[in-house]
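Trainee: Pasting a structure below so you can have a look.
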Amino acid sequence: MQERNRPGRIVPAPQHFVSTSLQQDIDRHGLDSPRRDFLRKSFLGAAAGIAAAGIGRHALAADGDPAILEAQPWATSLGQPVAARPYGQPSVYEKNLVRRESPGLTRVSAASVAFAPLQGFFGIITPNGLHFERHHQGWQDIDPARHRLMINGLVKAPRVYTMDDLMRLPAVSRMHFIECGANTGMEWGNVAVPTVQYTHGMLSCCEFTGVPLRVLLDDARADQRRGRYLLAEGGDGSSMTRTIPMELADEIIVAWAMNGEMLRPENGYPLRLVVPGVQGVSWVKWLRRLELGDKPWNAKDETIHYVDMMPDGMLRQYTSIQECKSVITTPSGGQQLVGKGFYNISGLAWSGRGRIRRVDVSTDGGRNWRSARLESPVLSKCLTRFNLDWVWDGGPAILQSRAIDDTGYVQPKLAQLRAVRGTRSIYHNNAIQSWQVAQGGEVSNVHVG
Ligand SMILES: Nc1nc2c(c(=O)[nH]1)N[C@H]1C(S)=C(S)[C@@H](COP(=O)(O)O)O[C@H]1N2
Ligand SMILES: [Mo]
């Protein structure tokens with residue numbers, strides 16, 4: 001089962017996840033949300049515009065508020081002991097923030113995708129338990145003692161490594177995004193899904209730790225002249241094999257860790273390939289073999305799948321780099337603004353070719369643009385967080401973000417992308433996303449030329 005969404009099979013927005021996400025966003029943005037109150041207080045004094053907008057209530061107006069007048073149970077009782085939960089868990093109040101499967105997208109859940117809840121993330125790092133997951137034949141929890149990595153092909157000294165062998169080698173740690181080539185693939189023809197979780201949630205970003213591929217290739221005495229393409233093979237039942245051109249080799253990591261701990265089983269434990277800037281399918285999980293060759297392999301996942309359908313019906317092969325893209329994560333589809341005044345527009349930008357240079361934000365559907373603040377760090381082939389102050393006048397608005405990377409490439413409008421790529425593709429939709437804010441504050445997914 002592929003991330004396939006043939007014409008006529010565009011996935012509608014099933015009613016139940018529209019309401020789930022609304023519930024979630026009422027939790028997140030409703031007046032009763034503890035986070036909202038916290039945000040209101042921390043905004044105070046941050047900028048003159050915010051003070052004028054009057055986000056927090058004046059202390060006198062809080063008169064009669066039990067949350068400030070009465071002693072709360074957490075202030076008058078003994079808390080839980082240390083290690084009550086030996087492996088930490090999120091607050092019960094965050095239980096709606098979970099990975100979600102898009103109902104009807106695939107026939108079986110073992111060959112499917114669970115989308116990351118981008119609307120609830122801060123900064124650029126994806127928590128391990130909320131990393132998106134995409135499997136072609138289900139996930140496995142592999143015994144590391146029985147896992148091996150073989151290096152063969154155009155090498156003078158073929159090798160087999162145990163995990164212990166690998167973890168003795170010099171390691172590096174790098175922060176990179178991973179995006180499935182099919183991310184936003186449901187939106188080529190028409191509005192298909194309601195929230196940023198489903199439009200852009202095949203996207204995550206971690207600090208990965210592992211051994212540079214170069215170290216292993218040197219150890220195996222790779223043929224530098226003839227060895228031009230690497231075949232990466234996974235240990236699961238999907239026979240996942242991908243061709244990787246050696247021009248990319250310098251940045252590739254054979255990784256065992258994400259965000260400071262061993263990989264999660266869903267994400268390839270105990271070993272996965274990290275191929276910065278390249279679509280997720282090449283980040284082979286449960287990595288068991290690397291074979292050096294002199295030409296592309298034309299494996300099943302690079303001939304009938306993971307090819308770009310062009311307007312003339314031809315299929316374009318080996319378009320592996322994820323081009324520059326961005327999306328506003330809040331306010332975003334399914335959320336509800338709670339009255340006019342100050343809001344922080346926040347989102348993510350990334351490019352498979354390098355660093356983000358600038359992100360412009362429009363609140364009027366692309367007529368006027370303002371440059372957003374890029375929060376540090378701004379790293380190559382990594383998510384970049386952007387923020388922009390916005391005072392909502394209570395009227396209709398269309399929010400868009402447009403990223404520019406350090407090659408000068410500008411993220412295209414939907415109409416520009418469709419003019420070149422048509423509407424029948426699945427992969428590599430990096431168009432500008434539009435969120436419509438209605439008079440009443442409801443935010444929804446719309447397509448704007
Ligand atoms: N062995 C193996 N590797 C794999 C896959 C798979 O099914 N099997 N799925 C690929 C696809 S299509 C993507 S988008 C990424 C998803 O990585 P994640 O599940 O860690 O988010 O893994 C890739 N690596
Ligand atoms: Mo993918």
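The values are calculated or read from the model by the stated rules, or taken from the named source; none is laboratory data. Everything numeric in this text was worked out from a predicted model, so none of it was measured. Heads up, the Cβs are rebuilt from the backbone with ideal geometry, glycines too, and the neighbour counts pull from every protein chain shown.
Trainee: For the subset of region 271-325 comprising residues that are small (Gly, Ala, Ser) and at negative phi, which member is farthest from ligand 1 (Cβ to nearest atom)?
Mentor: GLY293
Trainee: Same structure again: Looking for whichever is buried (at least 20 other Cβ atoms within 10 Å of the Cβ) and either within 28 Å of GLY341 (Cβ to Cβ) or hydroxyl-bearing (Ser, Thr, Tyr) (or both) here; the options are SER425, SER444. Which one fits?
Mentor: Sole residue among the options that is buried (at least 20 other Cβ atoms within 10 Å of the Cβ) and either within 28 Å of GLY341 (Cβ to Cβ) or hydroxyl-bearing (Ser, Thr, Tyr) (or both): SER425.
Trainee: Right, another one. Within region 238-263, how many residues are within 13 Å of ligand 1 (Cβ to nearest atom), more than 16 Å from the chain's Cα centre (by Cα) and farther than 17 Å from LEU213 by Cβ?
Mentor: Number of matching residues: 3.
Trainee: Determine which member of the set SER434, SER351 is among the polar types (S, T, N, Q), out of contact with any Lys or Arg (no Cβ under 9 Å at 6 or more places or on another chain) and crowded, with 21+ Cβ neighbours inside 10 Å.
Mentor: Answer to the check: SER434.
Trainee: One residue is enough: does region 203-213 have a residue meeting the conditions of a type in the set (A, V, I, L, M), away from ligand 1 (no atom under 14 Å from the Cβ) and either closer than 20 Å to GLY260 by Cα or touching a strand residue (DSSP E or B) at 6+ places or on another chain (Cβ under 8 Å) (or both)?
Mentor: yes
Results for (1) closer than 30 Å to PHE122 by Cβ; (2) not aliphatic (A, V, I, L, M), shown as yes or no for each residue.
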| residue | (1), (2) |
| --- | --- |
| GLN197 | yes, yes |
| GLY201 | yes, yes |
| CYS205 | yes, yes |
| ALA220 | no, no |
| LEU230 | no, no |
| GLY234 | no, yes |
| ILE244 | no, no |
| LEU273 | yes, no |
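Trainee: Read through the list (1) more than 16 Å from ligand 1 (Cβ to nearest atom); (2) more than 30 Å from PRO296 (Cα to Cα), then give the number of the only condition that ALA157 fails.
Mentor: (2)
Trainee: Give the residues of region 75-107 that are more than 23 Å from SER204 (Cα to Cα) and either in contact with a His (Cβ under 7 Å, 6 or more places away or on another chain) or in the same structural domain as VAL196 (by TED's automatic domain parsing) (or both), sorted by residue number.
Mentor: ARG107
Yes/no per residue for (1) under 12 Å from the mean Cα position of the chain (by Cα); (2) among the acidic types (Asp, Glu); (3) under 30 Å from SER376 (Cβ atoms):
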site	(1), (2), (3)
THR106	no, no, no
GLN119	yes, no, yes
LEU130	yes, no, yes
HIS147	no, no, no
PRO170	no, no, yes
VAL191	no, no, no
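Trainee: Something else: Any chance you could count how many residues in region 304-345 are among the small types (Gly, Ala, Ser) and surrounded by fewer than 24 Cβ atoms within 10 Å (Cβ to Cβ)?
Mentor: Adding up the residues that qualify gives 4.
Trainee: Need pairs with beta-carbon distance below 6 Å; first residue under 16 Å from LYS95 (Cβ atoms) and within region 118-135, second more than 16 Å from ligand 2 (Cβ to nearest atom) and part of a helix (DSSP H, G or I); sequence gap 6+ or separate chains.
Mentor: Every condition considered, the pairs that remain are GLN119/VAL196.
Trainee: Take the conditions in contact (Cβ under 8 Å) with a residue 40 or more places away in the chain, on the phi > 0 side of the Ramachandran plot and more than 10 Å from ligand 1 (Cβ to nearest atom) and apply them to GLY227. Does it pass?
Mentor: The answer is no for GLY227.
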